[in-house]
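Student: Structure incoming, see below.
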Amino acid sequence: MTTLLNVEGLRAGYEDSIVLQDISLSVNEGEVVALLGANGSGKTTTMRALTGLIRPFGGKITFAGRDLLAVEPHRRVDLGIALCPEGRQVFPNISVEENLFLGSFCKRSRPDRKQTLDSVYSLFPKLAERREQKAGLMSGGEQQMLAVGRALMSKPTMLLLDEPSLGLSPKMVQILFGAIGQVARSGISILLVEQNAQAAFAVASRGYAISMGRVTASGTITELTKSGALQSSFLGSHQPVATA
Amino acid sequence: MSLFWQCIVDSLLLGGLYSLMSIGLSLGFGVTRIINFAHGEMIMFGAYGAYFASVLLGVDPLLSLPLVSIVVAVTAAVLFKALIEKVLNAPHINQILLLFGLSLALQNVAAILWTGDARSVATPYSLTAYEFDLLLVPHGRIIAFIVAAILIVALFCWLRFSELGRATRAVAENGQAATLMGINVSRMYMLSFGINAALGAATGAISSFLLTITPFMGFHMLVKAFAIVVLGGLGSVAGTIIGAFALAFAETWVSYYVPEGNGWAEGVAFIVLLFVLIIRPKGILGQAVAVH
């Protein structure tokens, strides 16, 4: 298996707080990897650094053999790495279909957007029903479907999912992760940030546990659950929690 | 009764001009979250552009309008890149001071270059009018209204149906999410600033045969545009048009029905501004804007 995404010694944060102390991880082609950890451990910050929404202080990120930090944030999606951000971030006053079209704004995906749109609609039939509706008027679960669909519209080779289950009903989580499993089987690599470890385990083969901006454990899902690394990453740590 | 209908017609025609005058200001705020206090100067330069095209080259303002708008748009985009881009994330007071300063500087550049003399463009349609019984409808005002309507519809279609228009709306709603879509947000800011300046310049070009052109005409129009945009709701295109017609009606009504109304009409914008800010600060169709 070839490595698609490789992160080494990533340090990042905001103006006066360092959130990521030292993050190293890798995702192979076609693999689903989970990034697990408690609130404030640095999961979302990692995602933001990968997509360029924040500029890291140090470390290296390579994607498909290219130095990602040398690529402007808005050009990264053209390389095939797409983020479905935390809190969905759909465009609320824009229709569902137009939100999806915006997902295929980049050169890479614009020519085939009609076919991609059809495949997103067959993955999430609900979106096809709601295509004329303003995105902000849909339920949280539907908005999450839209956010995932919008990221898929760029025809990524790697999908970054930041807490897709946040605030959703168990039923909706089930539907959504069913779709995520389908995406994974189509060959798209996925890096999945989740607090809902159970849902993450249903689709991921490997995982990293992070705490206080460092990777504290890594391995297959079975290894992680057996070693108890996850429990300590979610519940342990007497140190004050870094702000994210 | 004819006074009543005259008042209606005048209000409608003025409303078209006011819509075009303020739509760039409103859209600019919606996209960049910066109020362009130099918007009036874009109008002023548009008016001077049309004036010189007419006086020096004998070109009708309606024909010079496209070129004048493009020149002003490009100049504005350069100003944006050189100055305004640097304060995008600065405190509001810095943004206001920069743009207000820019406005004053541009006014005085115009005064130095072209003196403070009042000018106007004479066109074949400046002084003619349709007459229906006692109703008088000046040709110039009709033409201005039609040009404004065409440009507003064109802007609306561009925003609604084009790839870049859609990207502009996305940037206005959520810049970070737009970046994730592969949209170059700072490029879109520059584009929208240029387009808004072009709309201002077009307003100037059609004002050139209706109003008096001076280096300081922009500030006067900015205040009105500001009242309209606040009344309609900052960032809302539909709200801006409602606001523009509301102000046009209010001003025309005051000037026709209040004794000495012509003078008072100019103050209506301030009264509107005052009452909107007290009663409904987010405007008629405005969305609440987060305060940082």
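Every number in this text was worked out from the coordinates using simple rules, so none of it is lab data. The structure displayed is predicted, hence computed values, not measured ones. FYI the Cβ positions are ideal-geometry reconstructions off the backbone, even for glycines, and counts take in every protein chain you see.
Student: How well do other chains shield peptide A:96-106, expressed as the mean number of their Cβ atoms within 10 Å of each residue Cβ? Walk me through the numbers before you get to the answer.
Tutor: Values: counts 0, 0, 4, 5, 0, 5, 12, 3, 2, 10, 3.
The per-residue average across the peptide is 4.
Student: Taking the alpha-carbon centroid of each part, what is the distance from the stretch B:163-201 to the stretch B:91-141 in angstrom?
Tutor: First find each Cα centre; the distance between them is then 28 Å.
Student: Calculate the length of the line joining the C-alpha centroid of the stretch A:28-83 to that of the stretch B:213-268, in whole Å.
Tutor: With the stretch A:28-83 and the stretch B:213-268 each reduced to a Cα centre, they are spaced 50 Å.
Student: Related question: Report, in debye and to the nearest 20, how large the dipole of the protein assembly as shown comes out about its Cα centre when Lys and Arg carry +1 and Asp and Glu carry -1 on their Cβ.
Tutor: The calculation lands at about 1240 debye.
Student: Counting Lys +1, Arg +1, Asp -1, Glu -1, what net charge surrounds B:V9 among other residues with beta carbon under 15 Å of its beta carbon? Intermediate values should be presented prior to the final figure.
Tutor: Values: positive: B:R141; negative: B:D10, B:E131, B:D133, B:E251.
That sum, taken over residues with Cβ under 15 Å, equals -3.
Student: Hey, another quick one. Per DSSP H run of n ≥ 4, the term is -39500 (n - 2.57); total these for chain A, divide by its residue number, and report the mean residue ellipticity at 222 nm rounded to 500 deg cm²/dmol. Each step should come with its number before you reach the end.
Tutor: Values: 10 runs with 87 residues, N = 244.
-10000 deg cm²/dmol, from helical runs alone.
Student: Within straight cross-link reach of A:K155, meaning Cα distance under 17 Å, which lysines are found once same-chain residues fewer than 8 apart are removed?
Tutor: Correct list for A:K155: A:K107, A:K114.
Student: State the Cα centre-to-centre distance between the stretch B:44-77 and the stretch A:96-167 in whole Å.
Tutor: Cα centres, the stretch B:44-77 to the stretch A:96-167: 44 Å.
Student: So how tilted is helix B:217-232 from the main axis of chain B? Cα-based, degrees 0 to 90, rounded to 10.
Tutor: Helix B:217-232 and the main axis of chain B meet at about 70 degrees.
Student: Okay, moving on. Which one of B:I183, B:L65, B:F29 has its Cα pushed farthest toward the positive end of the charge dipole of the protein assembly as shown, where Lys and Arg give +1 and Asp and Glu give -1 at the Cβ?
Tutor: B:I183
Student: Using only the alpha-carbon atoms, how far is helix B:39-57 inclined from the longest principal axis of chain B? Give it as 0 to 90 degrees, nearest 10.
Tutor: 60
Student: Right, next: So, with +1 on the Cβ of K and R and -1 on the Cβ of D and E, and no other charges, what is the size of the charge dipole of the stretch A:125-203 about its Cα centre, to the nearest 20 debye?
Tutor: 260
Student: Tell me the mean residue ellipticity at 222 nm calculated for chain B from its helices only (DSSP H runs of n ≥ 4, each -39500 (n - 2.57), averaged over every residue, nearest 500).
Tutor: Numbers: 12 runs with 212 residues, N = 292.
My calculation for chain B gives -24500 deg cm²/dmol from helical runs alone.
Student: Let me ask you something else. Among DSSP bridges having both ends in chain A, what percentage is antiparallel? Round to the nearest 5. List each step's numbers first, then the result.
Tutor: Numbers: 22 of 41 bridges.
The antiparallel fraction comes to roughly 55 percent.
Student: Next question, about the same structure. Please state the charge dipole magnitude for the stretch B:17-216, taken about the Cα centre, from unit charges on C-beta atoms (+1 on K and R, -1 on D and E), reported in debye and rounded to the nearest 20. Intermediate results must be reported in sequence, preceding the final value.
Tutor: On the way: 9 positive and 8 negative charges, 113 e Å.
For this selection, approximately 540 debye.
Student: Which of rounded, prolate, oblate describes chain B, given a ≥ b ≥ c as roots of the alpha-carbon gyration tensor eigenvalues and a/c under 1.5 marking rounded, otherwise prolate only if a/b is larger than b/c?
Tutor: Note, shape of chain B comes out prolate.
Student: For the residues B:H139, B:H39, what sequence is obtained by ranking on other C-beta atoms within 10 Å, fewest first? Present the calculation step by step, with values, prior to reporting the outcome.
Tutor: On the way: B:H139 16, B:H39 30.
With the sparsest Cβ surroundings first, the list reads B:H139, B:H39.
Student: Which of rounded, prolate or oblate describes the protein assembly as shown when judged by the alpha-carbon gyration tensor and an a/c cut-off of 1.5?
Tutor: Prolate is the answer for the protein assembly as shown, as a/c is 1.5 or above and a/b outweighs b/c.
Student: Please determine, in degrees from 0 to 90 and to the nearest 10, the orientation of helix B:92-114 with respect to the longest principal axis defined by the Cα atoms of chain B, where the helix direction is its Cα long axis.
Tutor: It works out to around 50 degrees.
Student: Averaged across the residues of B:100-109, what count of C-beta atoms belonging to other chains lies within 10 Å of each residue's C-beta?
Tutor: Values: counts 0, 0, 0, 0, 0, 0, 0, 0, 0, 0.
Per residue, the number of nearby Cβ atoms from other chains is 0 on average.
Student: Excluding B:G233 itself, calculate the net charge of residues whose Cβ lies under 10 Å from the Cβ of B:G233, where each Lys or Arg counts +1 and each Asp or Glu counts -1. Numbers along the way, then the final one.
Tutor: Numbers: positive: B:R280, B:K282; negative: none.
The answer is +2.
Student: Just to verify a number: FRET efficiency for A:E8 and A:R110, C-beta to C-beta distance, R0 = 41 Å, to 0.05?
Tutor: Values: r = 33 Å, r/R0 = 0.80.
Approximately 0.80, to the nearest 0.05.
Student: Please compute the contact order of the stretch A:3-235 in relative form: average sequence separation of alpha-carbon pairs under 8 Å and at least six residues apart, divided by the residue count, as a percent.
Tutor: On the way: 471 pairs, mean separation 66.3, N = 233.
Normalised by residue count, the contact order of the stretch A:3-235 is 28 percent.
Student: What is the calculated FRET efficiency for B:I279 to A:D67, with r their C-beta to C-beta distance and R₀ = 60 Å, to the nearest 0.05? Walk me through the numbers before you get to the answer.
Tutor: Numbers: r = 56 Å, r/R0 = 0.93.
Efficiency at R0 = 60 Å is approximately 0.60.
Student: When a/c reaches 1.5 or more, the comparison of a/b and b/c decides; with that in mind, is the stretch A:3-235 rounded, prolate or oblate per its Cα gyration tensor?
Tutor: Details: a/c = 1.69, a/b = 1.35, b/c = 1.25.
Prolate.
Student: Along Cα→Cβ, 7 Å out, is where each label goes; now give me the distance between the ones at B:L136 and B:L63 in nm to one decimal.
Tutor: Roughly 3.0 nm, to one decimal.
Student: If I model a spin label as a point 7 Å beyond the Cα along the Cα-Cβ vector, how far apart are those points for B:Q6 and A:D78 in nm?
Tutor: Here the answer is 6.1 nm between the modelled labels.
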